[in-house]
């Protein structure tokens, strides 16, 4: 994995970007809340997921580490914004909203959402490699895809999404799209080869889907902490369990229905897709050692 | 991905004790005829192996890999 030096560089770039924003002090304090959560660089995470994805892709393409740190910092800011929005939209616990109230949390998320592409547009231009505008476009396009996925997720409550295909599509359009974006952006630090970038994007999509489904699995059996079960969200495991109950007339519960194992199989297929894509990247001269640690 | 075929197999594993025993004993033979792609067959075979090794159905930590 990218080492602590890489993370320290990302941390520095994050603080620099926040400082350059020139926000009122109380607003800066608000923006720090989502950025300082335990899974984030500023929160001291040893493996902040979005940053390590972007940095791993940067390393794989042989990209410049300092440039990669700036890109990874922008990714971190963007994902922190989406975290706040997702928490509020899903009615989940939101540290930012809890500290400031929803209106201020939304405004803060808006600021971070705007800051992220600005950080990418501020990147220096390099000969033969993607233009800063290209980085910003990839980030924004990934976010747009993810909002479509979130829309499907929100409208799929009450088991409104009837098919496993639709449920899988939501996972792919949410975390899949975001992880694809992080990987592609990291890879763009070292290459402009569209074939390679597409492979990195696909790897990220499958990896993000794995993460989303794993999260859905956990939430399916932890109904005390999460709203998925209460809201009858059309996640892959809950939908499977619901279909079994509906069609058999008996409700054995999520675990005994086979829902967990069904989702596990789907996740395993996605994981194998990651391994296959890593092999393909290796064959094209990429250094995928870090990627392989995400999906052994 | 043929989710319908995967779902059919998993449901049968959980509802049909004879099929489950056959799948645990010989996954390849049990999974024939479902039109599974190679990756789907491999993942379901892995599931059958996990079930043969006693993976509990209600313990999510045994379902998750690391």
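The values are calculated or read from the model by the stated rules, or taken from the named source; none is laboratory data. For clarity, every value in this text was computed on a predicted model and none was experimentally measured. Cβ sites come from the backbone with ideal geometry, for glycine too, and all protein chains shown count toward neighbours.
At least 3 residues being at the interface with chain A (Cβ under 9 Å from one of its Cβ atoms) and in contact with a helix residue (DSSP H, G or I) (Cβ under 6 Å, 6 or more places away or on another chain) is the threshold, and among the helices (runs of 4 or more DSSP H) wholly inside segment B:1-48 those reaching it are B:3-15. Being at pLDDT 95 or above, crowded, with 22+ Cβ neighbours inside 10 Å and away from chain B (no Cβ under 14 Å) is true of residue A:120. The number of residues in segment A:126-159 that are part of a loop (DSSP other than H, G, I, E, B) and surrounded by 16 or more Cβ atoms within 10 Å (Cβ to Cβ) comes to 5. Within segment A:160-188, the set of residues being over 21 Å from residue B:1 (Cα atoms), surrounded by fewer than 22 Cβ atoms within 10 Å (Cβ to Cβ) and touching a helix residue (DSSP H, G or I) at 6+ places or on another chain (Cβ under 8 Å) is empty. Would you say residue A:149 is modelled with pLDDT under 95 and within 16 Å of the chain's Cα centre (by Cα)? Considered against the rule, which asks whether it is modelled with pLDDT under 95 and within 16 Å of the chain's Cα centre (by Cα), residue A:149 comes out as yes. The condition of being within 23 Å of residue A:122 (Cα to Cα) and modelled with pLDDT under 95 holds for only one of A:55, A:7, that being A:7.
The one condition from (1) out of contact with any helix residue (DSSP H, G or I) (no Cβ under 6 Å at 6 or more places or on another chain); (2) on the phi < 0 side of the Ramachandran plot; (3) not in a helix (DSSP H, G or I) that residue A:123 does not meet is (1). All of (1) farther than 22 Å from residue A:73 by Cα; (2) surrounded by fewer than 20 Cβ atoms within 10 Å (Cβ to Cβ); (3) at pLDDT 95 or above hold for residue A:231 with one exception: (3). Answer yes or no: is there a residue in segment A:26-41 that is outside any helix (DSSP H, G or I), at pLDDT below 95 and under 30 Å from residue A:195 (Cα atoms). The answer is no, given that none of the residues of segment A:26-41 is outside any helix (DSSP H, G or I), at pLDDT below 95 and under 30 Å from residue A:195 (Cα atoms).
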